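The values are calculated or read from the model by the stated rules, or taken from the named source; none is laboratory data. Because the structure is a prediction, the values reported are computed rather than measured. For neighbour counting, all protein chains shown are included, and Cβ atoms are generated from backbone atoms with ideal geometry for every residue, glycine included.
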Number of protein chains: 2
Amino acid sequence: MIEILRLNHRKERDKRITTHLALSVRVLYPNAKIYYSGDKDEKFEKSIAKLQEKWGHAVSIEYVSNAKKLVVSKKSKGYVVVHLTMYGLNYKEKIRELNTASNLLIIVGSEKVPGWVYELADHNIAVGHQPHSELTALTLLLYELNDCKLKDNNIKSDLQIIPQEKGKKVIESDKQI
Amino acid sequence: MIEILRLNHRKERDKRITTHLALSVRVLYPNAKIYYSGDKDEKFEKSIAKLQEKWGHAVSIEYVSNAKKLVVSKKSKGYVVVHLTMYGLNYKEKIRELNTASNLLIIVGSEKVPGWVYELADHNIAVGHQPHSELTALTLLLYELNDCKLKDNNIKSDLQIIPQEKGKKVIESDKQI
C-alpha cells in the first residue's frame, strides 16, 4: 500500500501542481491514497473526481487539517515514512529497501517544510541533489518503486484509448467515439 | 542534442507547471534547450535565470512567437520531432529508436494542441494512455532516454549538497554554509 501526503497545498499557488501530482500518482499507483494538508480545495478535489468519473476511478483523495498527526498515526501503524527532499540520501540506494515495506507514506513538501518532517521521516530521500520539482521527484520515485513501469492499464474505465501514429482514437465499451 | 518545445504557455495558468518543467529538464538533460511559445513570460525566464545563477547554469530558455515555424525549421535541419500525447504509440517501444537520433525536438503540449503538431511530428508518443500530466510524460520520456538516470551531477555549481539522513548540508566551494 502506497500513500502520499502532499504538504501545505496553497489553493491559488499550487492548484495545478497538486492536480498534476494526483494525475501522476494515478497512472503510477492507481490504488494509491493521496492526503493533502494546507488549504482545503474543493475545486481540486472536484476536478479529479470529474476526471475519474470519465476515465475510471483509481486514486482517492482526502484532506487532513493536521499533517503531523497523520504522520504520527501512520508510523504507529507500522508505515515506513519517506520524505522527498533534495538534501536527503540518493533514491537509487533506497529503492530495494523501500520495496520491502508493506506500507509506505511518501511525504511531498512545498516551499517551506517544517523540521518535524525531517525528524519523523524514516528516510529523507533525494531524487537529484539540485533544486527540483517535487512532482518530478515523486514521479521518479514511484516509477523506480514500480520497476520503471506505468500501471495505467490497471485502471478500469469504459473509455479506452487505441494508440495511433497520428490523431486520436477512443472507444467506449464496444463503440468507437 | 535534445531540445524541448513547450507549446502555448499561458502566463497565469501555466507559470508553475512550465517552471517545474524547466527544473525537471535541467536535472535530466542539463544542456538541453527549452523553447516555449504562447505568452512571453519574463517572470518565468527570470526565475530560472536566478536559480541557475545560484545553482549552476545548465538549460537555456528561448521564447518563440511562431511554434510551427520552429518545428518546420528543425525538421529541415534533420531533427527528429517527437510529440507527447496520450493518444500516441507506447513510449517503451520507441526509446531505442529515439536514442539513435542525433537531434531530438520534443514537443510538450498544453490544453489544446493544434492538428499540425500531430501531422508534423515524426512520432506521436504516449507515456500512459490515460489523462496525464505533460510534465510527468516529459519527465518519464527523458528518464528513459537517459537509461533511467539523472544527470544532476553534470551541472557545474559552486554550491554542492552533501546528502544527509536528516537535515540539510550545503557546501560552497570549500566552505560549509
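Odds and ends about this structure:
- Residue list for the range A:52-87, restricted to those being surrounded by 13 or more Cβ atoms within 10 Å (Cβ to Cβ), over 20 Å from A:LEU98 (Cβ atoms) and under 16 Å from the mean Cα position of the chain (by Cα): A:GLN52, A:HIS57, A:ALA58, A:SER60, A:ILE61, A:TYR63, A:VAL64, A:ALA67
- Residue under evaluation B:GLU45, criteria (1) in contact (Cβ under 8 Å) with a residue 24 or more places away in the chain; (2) in contact with a strand residue (DSSP E or B) (Cβ under 6 Å, 6 or more places away or on another chain); (3) surrounded by fewer than 22 Cβ atoms within 10 Å (Cβ to Cβ), criterion not met: (1)
- Residue count for the range B:16-47, restricted to those that are of a type in the set (D, E, K, R) and either in a loop (DSSP other than H, G, I, E, B) or under 22 Å from B:VAL117 (Cα atoms) (or both): 4.
- Residue in the range B:20-28 that is hydrophobic (A, V, I, L, M, F, W, C) and away from chain A (no Cβ under 11 Å) present: no
- Test for B:ILE161: is it within 8 Å of another protein chain (Cβ to nearest Cβ) and either within 20 Å of B:VAL27 (Cβ to Cβ) or basic (Lys, Arg) (or both): yes
- Residues that are of a type outside the set (A, V, I, L, M) and crowded, with 22+ Cβ neighbours inside 10 Å are absent from the range B:166-175 altogether.
- Here B:ASP152 meets the list (1) in contact (Cβ under 8 Å) with a residue 24 or more places away in the chain; (2) out of contact with any His (no Cβ under 8 Å at 6 or more places or on another chain); (3) facing another protein chain (nearest Cβ under 8 Å) almost entirely, failing just condition (2).
- Count of residues meeting criterion [part of a helix (DSSP H, G or I), within 7 Å of chain A (Cβ to nearest Cβ), touching a helix residue (DSSP H, G or I) at 6+ places or on another chain (Cβ under 6 Å) and of a type outside the set (S, T, N, Q)] in the range B:112-139: 1
- Residue that is farthest from B:LEU28 (Cα to Cα), among those in the range B:69-96 that are more than 14 Å from chain A (Cβ to nearest Cβ) and charged (D, E, K, R): B:LYS69
- Residue count for the range A:155-165, restricted to those that are surrounded by 13 or more Cβ atoms within 10 Å (Cβ to Cβ) and either aliphatic (A, V, I, L, M) or part of a helix (DSSP H, G or I) (or both): 3
- Residues satisfying the stated conditions in the range B:48-83, i.e. in contact with a Leu (Cβ under 8 Å, 6 or more places away or on another chain) and in contact (Cβ under 8 Å) with a residue 60 or more places away in the chain: B:LYS54, B:TRP55, B:GLY56, B:ALA67, B:LEU70, B:VAL71, B:LYS74, B:TYR79
- Residue among A:ASN66, A:ASN99 that alone is closer than 21 Å to A:THR139 by Cβ, away from chain B (no Cβ under 14 Å) and modelled with pLDDT of 95 or more: A:ASN99
- Among the residues of the range A:86-98, none qualifies, meaning not one is hydroxyl-bearing (Ser, Thr, Tyr) and closer than 22 Å to A:GLY38 by Cα.
- Of the residues making up the range A:104-132, those that are under 13 Å from the mean Cα position of the chain (by Cα) and buried (at least 22 other Cβ atoms within 10 Å of the Cβ) are A:LEU104, A:LEU105, A:ILE106, A:ILE107, A:VAL108.
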